[in-house]
Amino acid sequence: MKIKVIEVSSDTNIGGAGKCLITLLENFNYDKFDISVILPKNSLLKPRIEEMGIKVTEADGIADKSLDMSAVRELMRIFKREKPDIVHTHASMSARIAARFAGAKVVYTRHSVFPPPPRISKGIGKAVNGAINNYFADKIIAVAQAAKENLTDTGVDESKIKVILNGVDGLSPVSEDERRIIKERFNLPDTCKAVSIVARLEDIKGHEYFIDAADKLLRKGCKLRFYIAGTGSYEQYLKEKVKNLNRREQIIFTGFITDVDKLMSVTDIQVNASYGTEATSLALLEGMSLGIPAVVSDFGGNPGVIRDGVNGFVVPKRNAQALADGIEKLLNDDGLYARMSENSKNIFAKTFTAEAMTRQTEDVYSSLINKEGV
């Protein structure tokens, strides 16, 4: 008999957690697992998931929020009707509560890393937060060591946590003809190398430090184009900053692009400058699969992906000069770049594949059911 699993996401847009869910759905062993999904109404994830032939149920009250008591009641009705063995929630506390009361095993994935506030990391607040999370999850998946530390720092029982690093399907190199077409699309001259940052345009993602680093390198005469891929609430501020620096030809906003792999195929160096939330950047992993070294901040899960001096450089967060220095080192030393490029591909293949992530997640499901003798 198959193990029946319901995956629950509260995302209305396709962010990092949504991409991880899609990757899992593309790689599950459907001979062993019966998988369906619950989403908020009008989620952008729905068409992608339905294209795979996977059943999607829409629920009220869960859109981009963790807890809503009316959603708990609706989800309980769904779970009691569907009778899943396991409910795997991607951040939704409403689904965890409903699943526990409906009698299902509960798996919760922590996709983010952030500095925990004192109200839940000290004293009674830590004890209460830990008790709630320990009760409403049979197993917790942390997508980075830093995510695990977030959980234990806020009272969660370490024995409940398993670190499963994010994985992605690797990208394939493009032909020279395709590369020329892509370079034309992104206005990338043959004389320039490309440095890219792929992240939501929010203040905590550190784009302003990326822009300042770009300006420093351009002032030194480096032949570079800098690409900022994504959208977000900080977009207008960042565009004004680039305009004021008179760098709109060299620092290019691509907007939201569905085929980020095309940008990756012409990118020479990746950057991640986050200082407020970062678990495991999927863009960094995709770049690694192509052998793209990266310069990243020392925040969150970044040091677990980029090993300083091995497949890139890890520099202090909120430090534009350090970002610029790391980029410049890669630009000026072909031998160093070649070594880091090869290391990137090797580390990806060993640690960050979609296959590795999915099989470990399936092992979590199986272990919970086997404990019950099912």
Taking the alpha-carbon centre of each part, the distance from the range 38-81 to the range 307-325 in Å is 40 Å
Helix 207-219: inclination vs the chain longest Cα principal axis, degrees, rounded to 10, gives 10 degrees
Percent antiparallel among DSSP beta bridges confined to the range 176-351, rounded to 5, stands at 0 percent
Helix 16-27 sits off the longest principal axis of the Cα atoms of the chain, rounded to the nearest 10 on a 0 to 90 degree scale, by 70 degrees
Calc'd 3J(HN,Hα), the range 242-257, phi into Karplus 6.51 cos²θ - 1.76 cosθ + 1.60 (θ = phi - 60°), Hz, glycine/Pro = x, comes to 5, 4, 5, 7, 6, 10, 5, 7, 9, 10, 10, 8, 8, x, 7, 10
Of the range 229-272, those with amide N under 19 Å from the point 7 Å along the Cα→Cβ vector of residue 42 are 232-233
Residue separation between residue 158 and residue 122 times 0.36 nm, minus their alpha-carbon distance, gives in nm 11.3 nm
Computed over the range 185-260, the convex hull of the Cα set has an average projected area, in nm², of 4.8 nm²
Classified through the alpha carbon gyration tensor (a ≥ b ≥ c as square roots of its eigenvalues; rounded if a/c is under 1.5, else prolate when a/b is larger than b/c, else oblate), the range 176-351 comes out rounded
Taking only the alpha carbons of the chain, the radius of gyration and the largest Cα-Cα distance, Dmax, both in angstrom, are 21.5, 67
Once Lys and Arg are counted +1 and Asp and Glu -1 for all other residues with Cβ under 14 Å from that of residue 268, the total becomes +2
In degrees, nearest 10, the alpha-carbon axis of helix 123-135 is tilted away from the dominant principal axis of the alpha carbons of the chain by 70 degrees
Taking the alpha-carbon centre of each part, the distance from the range 168-216 to the range 236-287 in Å is 6 Å
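Each reported figure results from applying straightforward, stated rules to the coordinates on display, with no laboratory input. Keep in mind that this is a model prediction, so the values were computed, not measured. Every residue, glycine among them, receives a Cβ derived from its backbone with ideal geometry; neighbour counts consider all protein chains shown.
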